[in-house]
Amino acid sequence: MSSRRAEIELTPGEQRELLESERIVVVSTLGPRGWPHSMPGWYVARDGEIWIYTYAKSQKVRNLERDPRATLLVETGHEYGELRGAEIEAEAVIHRDLETVFEVARELAIRYSDDIASVEGDAAEALKAQARKRVAIRFESKRIATWDHRKLGGRY
């Protein structure tokens, strides 16, 4: 790795902050014809790993059932000098048990709602009903590349 590459790497703390503050992950899987299939989605970060919640019959789940490899992208920035992000090569672990799926759904509801601090009663029952047709996917990181162009201080 060149020293320039090392200059812009995120520290573990910066990487955690990025994953906790950003809202969209692009998940790329291998489609049935071998082409990348990239889709954006909401996620929760648990112990540095990305978890998503999606329909059990979605294309990305079918792709991951066939080949568990995925590349995830979380990035932000408007100008070149502001770009920062993480590309994560991972293996997907698909969870189908209702309790795990519901728990990820609950965490997502809290994370992405401005006015929800917990999910109880009727809201919890509605989420459990949705969870029956969905899965939770944990992405086990195998290799991570990170960057933060702000560290270049305007030098490109």
Original post:
Scattering from the C-alpha atoms of segment 9-53 alone, worked out with Debye: what is log10 I(q)/I(0) at q = 0.15, 0.24, 0.30 1/Å?
Top reply: -0.47, -0.86, -1.04
**OP:** Report, in cubic angstrom per residue, the convex hull volume of the C-alpha atoms of segment 59-156.
**Re:** 139 Å³
Subject >> segment 14-156 - accessible surface per residue (Å², probe 1.4 Å) >> reply: 57 Å²
**OP:** Return the carbon/sulfur percentage of the accessible area of the chain, one whole number, probe 1.4 Å, all protein chains in place.
**Re:** 50 percent
**OP:** Would you mind checking the tilt of helix 121-131 against the longest principal axis of the Cα atoms of the chain, expressed as 0 to 90 degrees and rounded to 10?
**Re:** 80 degrees
Subject >> For segment 1-141: rounded, prolate or oblate by the Cα gyration tensor [a/c cutoff 1.5] >> reply: oblate
**OP:** Enter the Cα centre distance for the pair segment 105-137 and segment 1-35, rounded to the nearest angstrom.
**Re:** 26 Å
Original post:
Once the Cα atoms of helix 98-112 and of the chain are each reduced to a long axis, what angle between those two axes, in degrees from 0 to 90 to the nearest 10, is obtained?
Top reply: 50 degrees
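The values are calculated or read from the model by the stated rules, or taken from the named source; none is laboratory data. Everything numeric here is computed off the predicted structure, so don't read it as measured data. Ligands, DNA and RNA are excluded from the accessible area calculation, which covers all protein heavy atoms including side chains. Shrake-Rupley method; radii C 1.70, N 1.55, O 1.52, S 1.80 Å.
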